[in-house]
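The values are calculated or read from the model by the stated rules, or taken from the named source; none is laboratory data. None of these values were measured; they are calculated from a predicted model. With ideal geometry, Cβ positions are generated from the backbone for all residues, glycine too; neighbour counts draw on all protein chains shown.
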Amino acid sequence: MPSARELTDRLRRLAPEVLAFGVIGAGNTLLFLLITWVTLPIGAVKASVIATVITTTLAYIANRYWTYRNHSRTALRREYTLFFGFNLVGMVIQSGSIAIAKYGFGLNEQNHEYIILAVTMFGIVVATVFRFWAYRTFVFLKPPVDGHEADLTDLDAVAGLAELSTEEASR
């Protein structure tokens, strides 16, 4: 079990990363809402898709060059594919929590608006923690220790994920 000092040191090293991730997430959430609002006349689904693609791309760029700037760089296709995929999983977590509240517990927007909002916030928090973990673990690799991580540069997303999963399992 790690000592209190080790945990404090780890949190101190992690804090700038969490802060940058949070700033990017908050900014992208506001931008997502703005884009959705502006493009709403073309339809809610189209507006949401446009906003998602734009903000996911901007979030990738911001996280790559700010939050994880000191992490190893791998193939753009690999990183962006994983980044977008983990964002989709995060979206399912968020939407799933609302669907469970609405359809599983019979809540509705008219009579339970505050509960729906609370469940939405819970879903956002869980999805955010998942995204942070996934980006840090699979998308933006830690700096190479033995140089082996550089071999992932030429791999596609699936092969890169399989390689990482195998390495993690062998530890």
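The condition of being at pLDDT 80 or above, in the same structural domain as Phe86 (by TED's automatic domain parsing) and exposed (fewer than 11 other Cβ atoms within 10 Å of the Cβ) holds for only one of Gly106, Gly123, Gly147, that being Gly106. Taken over region 25-52, residues that are loosely packed, with under 15 Cβ neighbours inside 10 Å and assigned to a helix (DSSP H, G or I) amount to 15. Report yes if Glu17 is in a helix (DSSP H, G or I), at pLDDT 85 or above and not β-branched (Val, Ile, Thr), otherwise no. Here the answer is yes, as Glu17 does meet what is asked. For region 30-56, the candidate set comprises residues that are among the β-branched types (Val, Ile, Thr) and without any contact (Cβ under 8 Å) to a residue 12 or more places away in the chain; within that set, the residue that is farthest from Phe132 (Cα to Cα) is Ile42.
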